[in-house]
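The values are calculated or read from the model by the stated rules, or taken from the named source; none is laboratory data. No experiment lies behind these values; they were computed from the predicted model shown. Cβ coordinates were reconstructed from backbone atoms using ideal geometry, including for glycine residues, and neighbour counts include every protein chain displayed.
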Amino acid sequence: MSQTGPSLKRYAITRLALVVPMVFILLTLVFLLMRVAPGNPVSASLGGHAPPAVIKAISHQLGYDKPIYEQYGHYLGQIVRGNFGTTISDRRSVGSIILVNGAATLELTFFAMIIAIVVGMLVGLVSGRFRDSPIDAGGRLFGIVVYATPVFFLGLLAQLVFGIWLGWLPTSDQASPVTQALMQTHTNIYFVDAIIDGNWTALKDVVEHLVLPATTLGIVYGGVFIRLIRVNVIRTLKEDYIEAARARGINERAVVYHHAFRNALVPVITVVGLQLALLLGGAILTETTFNWPGLGHELYVYLQNRDYAAVQGIVVVFALVVVAASIVIDFANAFIDPRVRY
Amino acid sequence: MHVRPRLRHLAVLGLAGLVLAAVGVTAAQSKPFTSGHSTASTILDGTTDTVTNVDPAGNYDYGSGTVDILIYQHLLDLNAGSTVPAPSLATGCTHNATVTVWTCALKQGVKFSNGDPFTSDDVKWSFDRVNKIHDPSGIWGLISNLKSVTTNGPYSVSFHLGTAQSTWPYILATGAGEIVDHKVYPADKILANTDVTNLVGTGPYTLSKFTPGQSAVFTPNPNYNGANGKVANGGLIITYYSKSSTMKLALQKGEIDMAFRDFTPTEYTALGKASGIKVYKGKGVGIRYLVLNVKRAPTNNLAVRKAIAYLMPRQDIASRVYHGQVVPLYSMPPAGLPGHLNAFGEVYGMAPSVAKAKAVLAAAHVKTPVPLTLWWTPSHYGDASADEFSEMQRAFNASKLFKVTLKSAEWATYSKTLGTQYGAFQLGWFPDYPDAEDYITPFYGTKSNFTSNGYSNAKMDAVIKKEEAAKTPAARIAAIKQAQMIAAQDAPIIPYWQNTMLVVGRSNIQNLPKTIDLDYLMRFWLLSKS
């Protein structure tokens, strides 16, 4: 460990230093892409019912007629001061959108990730353990099918089957309208808020609303884990120490679950981090399908309105989350496995 | 390898991270619905509309307007079943001889929901701040003719206008005329949507909680004066949906009691067949029309514009595309409004005529088929727009007089371009107030035409001016009818349908038909729930 410490520290500093140019490039790209797209928030909201002179006057009032480099300078200046600005279409502070709607996305992706890992572990382990058996074939097929299925399609099917036909679960939103009205919001993560208030009726309602979107998103991304864990289980079952364990007469179940499976999990940690980016991408579609008020849902709405500030803020937050997650995963890998060298 | 304890540590750290993140997230401003509040009679509504700002000085869109009529009142309001502004916070309004000064006497004893008394200071404050804030929503444009507001004691106000305006009572009933409490609302900035403590009015409800993009919660206002009808329910929760398909499922599942607006034509048809759900239908004031650029070929040729008018397949669009949820329209002001005239029907006939279209093109020596590009947008007027324009293309091509190419652009691009580059293009209109004038001036006045289609006619301008200064309703109606005939003959715009007001409710919601009229206002307070 004494040799790992300094190299890990150096690696950590390098990784963190790289975040700055990465974020700068990202900010610039998002800014330019929004400006390259035709139209602006004023024409999107007033076009079709206000005279061109009025649209021009308001665009001027908001500074959209200034040279692009001036707008860019102003934008960067705001970001440096930690100010993401205010939306044009509904005058919300982008910071509050990130906090309030980000909490909903956090709630969804957290539970989706848990479902993805649990499904991936169970199916992957069983498939790997019973390699080339009908169970394995079934597990692999399930993994491929769910991974290939568009998340919105699976969501619509789930809404139809479990919401409408069977009537078991709500089809949309983070909670029922009455729960939302009665609930005190502390964190905007309704699951946590209900627990803080000890409001078990609300908690039940919140969990019911969470089941379909989280499961839909989780199952789709569970497909990746299924394949990964299956391969790792098969690989570790061939390792010498597994053979040695068997030779010592250890029960096969203990060999698989205590020795092979735990070691097969280590690479999964890395993939969890990589999957976060895909999960956030999937969250946009899932949130739109289930009317889940997360950042993805808001991004969809603000993109239609060409709301520069909102889109820039949300995209940057998504990117920062992915960057932060990849760094955390790298550190976690080193923490779990001291053999890792940088 | 010490994998097991390390994994455990990691799991603990992960959970701790979630809790920290949760605690770190700031709380949104919220006020509980009211503890112990009965939700049994609370109406649960769904909508795909959005709210930009609740503060009346900062919005100019239907979704925000629907919320505002629940919280605020006007001096004159559009009450159920009538398109004529009726006394609400005012007892009446009169104008001077030149129709440039309107004076309103105010009701006494009215209180805002926070208990503050309503006086003329609030009226002056409300109008002045709309002009001062000059919000990017453009709401101030509705009162651009207002030069000043003066108070004549606590219960009388005078509006001094730049030019004569006979429709001022209608302006008083728009979003720009909603009255706010001068002790609470800042003079030069709008209140945040989540500032529910200060977003007070004199209307039927108070806003208890607002979560942007998610829901708005209303409780009956104990100080409401009842001028617009009594509150017949225990409260209202509006849930906002980004997709109508999700809202449809929520309605079918009973997660919401009703939905006002909007579904696709197919969804309305499906809901109409669902058990326990009823689609209520009444006349609407939203219209759809094709703008023809009079400065660009081929529509700069009057004969081409007339041929298009002769061929417009109104009935096919209404029945095939919209399943009868819209009705053919033959003039810009929709049927039902005072002054409406079937002008295009009179000039071009009520049904398409290929023979007449052919004749008008032949008389003008126009070579056929005329190449024509029709522009439409898939992202603003609903999914059915594609079918609408396919139907138009089919009809025009079938006549062999036109060779139509369809082109589309996303709304942000489309709305910026319009007549500056497009020759023939789709637009829709929803009025600021239910009066025929609002379907004439913004389209046909040389200075007020927003479509950039280049239309200008001195005779039309004179008629519009005459209408604006009319001293009697009869004189105004005569001018409006004259304008419609000129518009039909010049054909710079071809109107083709007017919508219906469609509201979908479960069987536990009563009185929905009471609020379905040409005002196109959802007066939730009139509804009750069993």
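Filtering the stretch A:23-32 to residues that are of a type in the set (Val, Ile, Thr) and surrounded by 19 or more Cβ atoms within 10 Å (Cβ to Cβ) leaves only A:VAL30.
Annotation for the stretch A:169-192: no member residue is part of a helix (DSSP H, G or I), away from chain B (no Cβ under 11 Å) and closer than 18 Å to B:LEU44 by Cβ. The residue that is surrounded by the fewest Cβ atoms within 10 Å (Cβ to Cβ), counting only those in the stretch A:33-64 that are under 17 Å from A:GLY85 (Cα atoms) and at pLDDT 80 or above, is A:GLY63. Can B:ASP116 be described as at pLDDT 95 or above and surrounded by fewer than 23 Cβ atoms within 10 Å (Cβ to Cβ)? Here the answer is yes, as B:ASP116 does meet what is asked. The one condition from (1) farther than 22 Å from B:PRO220 by Cα; (2) touching a helix residue (DSSP H, G or I) at 6+ places or on another chain (Cβ under 7 Å) that B:THR100 does not meet is (2). The residue of the stretch B:412-437 that is farthest from the other protein chains (Cβ to nearest Cβ), among those that are closer than 24 Å to B:LEU142 by Cα and out of contact with any Ser or Thr (no Cβ under 7 Å at 6 or more places or on another chain), is B:ALA436.
Within the stretch B:455-468, identify whether any single residue is over 23 Å from the mean Cα position of the chain (by Cα), buried (at least 21 other Cβ atoms within 10 Å of the Cβ), within 14 Å of another protein chain (Cβ to nearest Cβ) and of a type outside the set (Asp, Glu), and answer yes or no. Yes; the residues of the stretch B:455-468 include at least one that is over 23 Å from the mean Cα position of the chain (by Cα), buried (at least 21 other Cβ atoms within 10 Å of the Cβ), within 14 Å of another protein chain (Cβ to nearest Cβ) and of a type outside the set (Asp, Glu). When A:HIS258 is tested against (1) at pLDDT below 85; (2) under 29 Å from A:ALA104 (Cα atoms), just one condition goes unmet, and that condition is (2).
When the residues of the stretch B:212-262 are filtered to those that are in a helix (DSSP H, G or I) and among the polar types (S, T, N, Q), the one that is surrounded by the fewest Cβ atoms within 10 Å (Cβ to Cβ) is B:SER245. Please work out if A:TYR147 is buried (at least 18 other Cβ atoms within 10 Å of the Cβ), more than 14 Å from chain B (Cβ to nearest Cβ), among the aromatic types (Phe, Trp, Tyr) and closer than 20 Å to A:VAL272 by Cβ. When the stated conditions are applied, A:TYR147 does not pass them. Restricting attention to the stretch B:471-512, the residues being in a loop (DSSP other than H, G, I, E, B), surrounded by fewer than 21 Cβ atoms within 10 Å (Cβ to Cβ) and not β-branched (Val, Ile, Thr) number 4.
Could you check the stretch A:198-268 for helices (runs of 4 or more DSSP H) lying wholly inside it with 2 or more residues that are among the acidic types (Asp, Glu)? Helices (runs of 4 or more DSSP H) meeting the threshold: A:200-237, A:240-247. Tallying residues that are among the aromatic types (Phe, Trp, Tyr) and within 23 Å of B:GLY419 (Cβ to Cβ) within the stretch B:297-329 yields 1. Selection of the stretch A:33-85 for residues being more than 7 Å from chain B (Cβ to nearest Cβ), under 30 Å from B:ASP432 (Cα atoms), in contact with a helix residue (DSSP H, G or I) (Cβ under 6 Å, 6 or more places away or on another chain) and touching a residue at least 60 places away in the same chain (Cβ under 8 Å) yields an empty set. Of all residues in the stretch B:103-119, those satisfying the criterion of being closer than 14 Å to B:LEU172 by Cα and out of contact with any helix residue (DSSP H, G or I) (no Cβ under 7 Å at 6 or more places or on another chain) are B:THR103, B:CYS104, B:ALA105. For the stretch B:180-210, which positions are hydroxyl-bearing (Ser, Thr, Tyr) and out of contact with any strand residue (DSSP E or B) (no Cβ under 6 Å at 6 or more places or on another chain)? If the condition is that a residue be hydroxyl-bearing (Ser, Thr, Tyr) and out of contact with any strand residue (DSSP E or B) (no Cβ under 6 Å at 6 or more places or on another chain), then B:TYR185, B:THR197, B:THR202 are the ones that fit. Restricting attention to the stretch B:513-530, and to residues there that are surrounded by fewer than 19 Cβ atoms within 10 Å (Cβ to Cβ) and of a type outside the set (S, T, N, Q), which single residue is nearest to B:LYS273 (Cα to Cα)? Only one residue fits best here, namely B:PRO513.
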